[in-house]
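Reading through the structure tokens given below for one structure.
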Amino acid sequence: MTDPRPALTAQTIALLTTAPLLWAANAVVGRMVHTLVAPVALNFLRWLIAFLVLLPLAWRVLRPDSSLWPHWRRYCVLGLLGVGSYNALQYMALQTSSPMNVTLVGAGTPIWMLVLGRLFFGARVSRRQVAGALASMSGVLLVLSHGSLRELLALRLVPGDLYMLLATLAWALYSWLLVRTDRPADLRADWAGFLLAQLFFGVLWSGAFAGAEWSLGVRRFDWGWPLAAALLFIALGPALLAYRCWGLGLQQAGPVVGGFFGNLTPLFAALLSVAFLGEAPRAYHALAFALIVGGIVVSSRRN
């Protein structure tokens, strides 16, 4: 019997690796500016800039006669999960939780991919996928614990971890819906239009959430070049480019395999910390990389 899962190609690997690298950078930059801007407002400004950049390339998708509108409910949900919720919850988590805890909770994405796929999308879960998930998670735990069992056992959950758990669930569901969404004929070959359709609703959601944050008295906003540069980067890189790569990669490899690549994010975050903080790389970084990549290979192998 032929395994229906697609084989990984060099292009797919590049796409699914670029997104976690950019998202790791997003976490670093988000942490750097968390004292300059409120978390939900940061998410709104990020996606508003991305929307304005993409608008000249795909404005036709928003015309009244566009084929988007008969399917607006599905794109509204995609915008809520992938744009309005995920990063807002992540930025909120970083206000009260350490980056180590946030990354640890987010590293459960492959597990949630398997669970949601089995419960709601009829996806089969193979032993190889379970083994790959365990190997990949082991690599993540190794990075987060710095190779020390004592440091891993010292982790304590705080309210921010709950925000990150909700963010992880939102992302897993978003990834499944992304590959299961029927695209109208004029959007199948139009990546900018497909992304703009999500951003249109996502900006509305994130704007509403930012307004709620403002009404609750969270009004931190220290405008200047550091914040402007950070917004430009996270809008063009972790938003537009990363989402484009992620969407293409999921179409080629599927959401379950894509979820394993997401576990590269904490490893990249650790490496970026080495680069920006001047910390020397450790042996456990190499071992963690081997475990994470090994989990990806095992989970994506075909019979």
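The values are calculated or read from the model by the stated rules, or taken from the named source; none is laboratory data. This one's a predicted model, so the numbers in the text were calculated from it and none came from an experiment. Note that each Cβ is placed from the backbone with ideal geometry, even for glycine, and that neighbours are counted across all protein chains shown.
Inside the stretch 251-261, residues that are surrounded by fewer than 24 Cβ atoms within 10 Å (Cβ to Cβ) and either over 13 Å from Ala123 (Cβ atoms) or free of Cβ contacts under 8 Å to residues at least 60 places away in the same chain (or both) make up a count of 2.
Looking for something in a helix (DSSP H, G or I), without any contact (Cβ under 8 Å) to a residue 12 or more places away in the chain and either touching a Pro at 6+ places or on another chain (Cβ under 9 Å) or over 27 Å from Ala288 (Cα atoms) (or both) - is there at least one such residue anywhere in the stretch 214-227? Within the stretch 214-227, one or more residues are in a helix (DSSP H, G or I), without any contact (Cβ under 8 Å) to a residue 12 or more places away in the chain and either touching a Pro at 6+ places or on another chain (Cβ under 9 Å) or over 27 Å from Ala288 (Cα atoms) (or both).
Hey, any hits in the stretch 56-67 for a residue that's in contact with an Asp or Glu (Cβ under 9 Å, 6 or more places away or on another chain), in a helix (DSSP H, G or I), touching a residue at least 12 places away in the same chain (Cβ under 8 Å) and not aliphatic (A, V, I, L, M)? Yes - at least one qualifying residue is present in the stretch 56-67. Filtering Thr96, Thr109 for residues that are surrounded by 15 or more Cβ atoms within 10 Å (Cβ to Cβ) and at negative phi leaves a single hit, Thr109. Applying the condition of being modelled with pLDDT under 90 and assigned to a loop (DSSP other than H, G, I, E, B) to the stretch 25-52 and asking which residue is nearest to Ala229 (Cα to Cα) yields Val33.
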